[in-house]
Amino acid sequence: MRAIQIVEPRKIAMLDDAPKPEPGEGEVLVRCTHVALCGSNMGQYTGEGLWGNIDFPNPVGWAGHENIGVIAESRCEGWEEGTLVLAQPHGYYGFAEYILCRPPAIARLPQDAPDPAALVVAQPLATILRAMTRTDDVIGQSCAVIGQGPMGLVFTHTLRLMGASSVIATDLLDWRLEWSKRYGADHVIDASKENVVETVKKLTAEKMVDFVVEAAGYVESLKTAAYLPRVGGRLFVFGMPHYELQEFPWYHVFRRNIQINTCVGPECGAFFQTAADMVLDERASALTEMVTPRMPWDKAPEAFEMYAECAKDSLKLTLEV
Ligand SMILES: [Zn+2]
């Protein structure tokens, strides 16, 4: 089968003869039609920070985890061959023509979906639904989201859906902030031009905000995020850090009784069907617009480079398998 392998930092091998996996009991084999790139793939691709310690070449297909496809073989009751699905591959070997999946990290999609690739955005939505089950609700609360890549944008939209009273969105790239407005941000702050902490002080008459999401994963963005919650407010660290240890304003956070939370991992699979259902109807269908650009399989090397460089309007970049 065809598969992608990151062989060294910023270098991809396109394989034509990778072994096709065999489904075990309780698993389905999915023939992929689409796979999306994720911000969490960029560390392994560039080899930056902590990712400099991983072994190159990476395992074949690793670490793709946002797949759309059709069940080609089923050894799992209730999941019939021919079903169109959103699937998270077991082991994250998703940059491949065939993947193995196990419930619950698989969601049924309608057979006649006009644009199946667009439904891949349900995967990042599922990670956010899971994250939000690990903290209190945001109904009537003021929010801020640091970083407006695909995850930050899905947060901006979802916080609005969940009843936040306002959302402030920040990013270093002005084209992303245009998307933030489309997804319901009340205020956008261009962090390349403005001091985010000072601007949020002004916007909130020094009260700061109830709930802050860090969705970028950089040292500076985490520091900025730490200064944004009000006294007793919440900081949700969602962006994948690139370093084990990094500077963080602990005294400020401690003194203000800020609650910190984090969330990562395949457990988001439990939210796949809910997220797919939301994306399929008007609750979250607007998110499908961010599944752009769409690129053919053989353009994968260019696609990874575009994603790493945050090329304009590259959001949930998706490869046709
Ligand atoms: Zn991801």
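The values are calculated or read from the model by the stated rules, or taken from the named source; none is laboratory data. All of these numbers come straight from a predicted model, not from anything done at the bench. Positions of Cβ are generated from backbone atoms using ideal geometry, with glycine treated the same way; all protein chains shown enter the neighbour counts.
Here are the numbers for this structure:
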quantity: Residue match in the range 225-244 (condition: modelled with pLDDT under 95, among the acidic types (D, E) and within 25 Å of G265 (Cβ to Cβ)); calculated: yes
quantity: Hits in the range 79-90 - residues which are of a type outside the set (G, A, S) and within 16 Å of the ligand (Cβ to nearest atom); calculated: L86, Q88, P89, H90
quantity: Qualifying position, being under 27 Å from T292 (Cα atoms) and either among the charged types (D, E, K, R) or exposed (fewer than 15 other Cβ atoms within 10 Å of the Cβ) (or both), among K20, K11; calculated: K11
quantity: Qualifying positions in the range 83-99 - over 13 Å from W62 (Cβ atoms) and either part of a strand (DSSP E or B) or of a type in the set (A, V, I, L, M) (or both); calculated: L84, V85, L86, A87, Y98
quantity: Single unsatisfied condition, V237 versus (1) closer than 21 Å to V154 by Cβ; (2) free of Cβ contacts under 8 Å to residues at least 40 places away in the same chain; (3) assigned by TED's automatic domain parsing to the domain that holds A113; calculated: (3)
quantity: Any hit, the range 60-70, residues being part of a loop (DSSP other than H, G, I, E, B), under 29 Å from G152 (Cβ atoms), charged (D, E, K, R) and at pLDDT 95 or above; calculated: yes
quantity: Filtered residues of the range 79-137 (kept if hydrophobic (A, V, I, L, M, F, W, C) and within 12 Å of A36 (Cα to Cα)); calculated: L86, A87, F95, A96, A117, A118, L119, V120, V121, A122
quantity: Residue within the range 111-119 that is away from the ligand (no atom under 16 Å from the Cβ) and either more than 30 Å from A300 (Cβ to Cβ) or assigned by TED's automatic domain parsing to the domain that holds A226 (or both) present; calculated: no
quantity: Matching entry among Y45, Y93, Y98 (being touching a Lys or Arg at 6+ places or on another chain (Cβ under 7 Å) and within 16 Å of the ligand (Cβ to nearest atom)); calculated: Y45
quantity: Of all residues making up the range 176-191, the number that are out of contact with any Ser or Thr (no Cβ under 7 Å at 6 or more places or on another chain) and either of a type in the set (K, R) or farther than 19 Å from P150 by Cβ (or both); calculated: 4
quantity: Members of the range 270-311 that are over 12 Å from A122 (Cβ atoms), in contact (Cβ under 8 Å) with a residue 40 or more places away in the chain and hydroxyl-bearing (S, T, Y); calculated: Y307
quantity: V35 being part of a strand (DSSP E or B), modelled with pLDDT of 95 or more, of a type in the set (V, I, T) and under 21 Å from the mean Cα position of the chain (by Cα); calculated: yes
quantity: Failed criterion for F56 (all others in (1) modelled with pLDDT under 95; (2) within 14 Å of the ligand (Cβ to nearest atom) hold); calculated: (2)
quantity: Whichever residue in the range 20-42 is of a type in the set (A, V, I, L, M, F, W, C) and away from the ligand (no atom under 14 Å from the Cβ) and, among such residues, is nearest to M151 (Cα to Cα); calculated: C32
